[in-house]
1. How many of the residues in segment 33-54 are more than 21 Å from H219 (Cβ to Cβ) and touching a helix residue (DSSP H, G or I) at 6+ places or on another chain (Cβ under 9 Å)?
2. Take the residues in segment 63-72 that are hydrophobic (A, V, I, L, M, F, W, C) and more than 16 Å from the chain's Cα centre (by Cα); name whichever of them is nearest to R245 (Cα to Cα).
3. If the Cβ limit is 7 Å and pairs must be 6+ apart or interchain, which residue in segment 60-84 that is within 10 Å of L109 (Cα to Cα) and of a type in the set (S, T, N, Q) pairs with which residue that is open to solvent by 30 Å² or more (accessible area, probe 1.4 Å) and assigned to a loop (DSSP other than H, G, I, E, B)?
4. Counting just the residues of segment 176-195 that are among the β-branched types (V, I, T) and over 14 Å from T160 (Cα atoms), which one comes out surrounded by the fewest Cβ atoms within 10 Å (Cβ to Cβ)?
5. Contact list please: Cβ distance under 7 Å, first residue in segment 121-141 and assigned to a loop (DSSP other than H, G, I, E, B), second residue surrounded by fewer than 14 Cβ atoms within 10 Å (Cβ to Cβ), pairs at least six apart or on different chains.
6. Would you check which residues across segment 200-215 are over 14 Å from the mean Cα position of the chain (by Cα) and either open to solvent by less than 70 Å² (accessible area, probe 1.4 Å) or aliphatic (A, V, I, L, M) (or both) and list them?
7. Out of (1) under 15 Å from G54 (Cα atoms); (2) among the polar types (S, T, N, Q); (3) more than 15 Å from the chain's Cα centre (by Cα), the odd one out for T249 is which?
8. Here are the criteria: (1) crowded, with 18+ Cβ neighbours inside 10 Å; (2) among the polar types (S, T, N, Q); (3) not in a loop (DSSP other than H, G, I, E, B). Tell me which single one Q238 does not satisfy.
Amino acid sequence: MQENTAEAGRPFTADGTPEPVWRAWQPGWAELDLTAVPPRVVVVAPHPDDEVLGVGGLLVGLHALGAAITVVAVTDGDASHPGSPTISPAELARRRIVEQHAALAELGLGQVPVHRIGLGDGRVAGHESELADQVGPLLTPDCWVLATYTGDRHPDHEATGRAAVLAAERAGARLLEYPVWTWHWAVPDDPRVPWGRARRVPLPVPVQEAKRRAVDCYHTQIAPLSDDPADSTVLGAQVLDRLLRPYETIFV
């Protein structure tokens, strides 16, 4: 997920829209139709943790229904703590890769393939064509591609979404977008968000619990690395409240 840094260009420094405000909103979205599950699903995550925070529950459900899951890790998340005095970018990336595999295991997806693209964290924009070229061979016309929303207001998320759009169009695959930072900057019924495309994915309690355990694996993101301000928590309580709801949201 990685909160925006100054290098990424659009910092999210305020607390964002509180979860109780979102909970009070009753837009009446239809549920995502899972009656015709694809044989394969490719989830494209700009940073380690986006696949869990955005669609972890949906992945559990699709896997239970027989879909083969593949994860594409666009970056390894080495820039979540720029200027850290306690951990190098290389070590941070190593830890986040370990966390990602542990999180997928908590979802029952420990054996799914993870394709690491290795683009620079915070620097995906401008590499959409390259990313689409690497995602493309993983796609087939009958698969689903889950990618971050192209209007999510995080440069890496938006660029990843644009690359997924391109790759899906080339392959004839179905693209579904998942918002992550949208819940931070938007407000209910916000005209800047395509709510008409929104679908709900209700999560059974056991799936909610598995998702919570998966998020807990991302120690470098949910807890401070040290007492130094540069090592502060990335995914604070308010952020997690918005992303650990009893349902997920997809734009179709």
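The values are calculated or read from the model by the stated rules, or taken from the named source; none is laboratory data. Here the structure is a predicted model, which is why all the values come from computation and not from measurement. For neighbour counting, all protein chains shown are included, and Cβ atoms are generated from backbone atoms with ideal geometry for every residue, glycine included. The area values use the complete protein model at the heavy-atom level, side chains included, leaving out ligands, DNA and RNA. Shrake-Rupley method; radii C 1.70, N 1.55, O 1.52, S 1.80 Å.
1. 8
2. That would be A64.
3. T70/P113
4. Residue satisfying both the conditions and the ranking: V187.
5. G122/E7; P141/G172
6. Answer for segment 200-215, where residues must be over 14 Å from the mean Cα position of the chain (by Cα) and either open to solvent by less than 70 Å² (accessible area, probe 1.4 Å) or aliphatic (A, V, I, L, M) (or both): V201, P202, L203, V205, V207, Q208, A210.
7. The one condition T249 does not meet is (3).
8. Checking Q238 against (1) crowded, with 18+ Cβ neighbours inside 10 Å; (2) among the polar types (S, T, N, Q); (3) not in a loop (DSSP other than H, G, I, E, B), the one that fails is (1).
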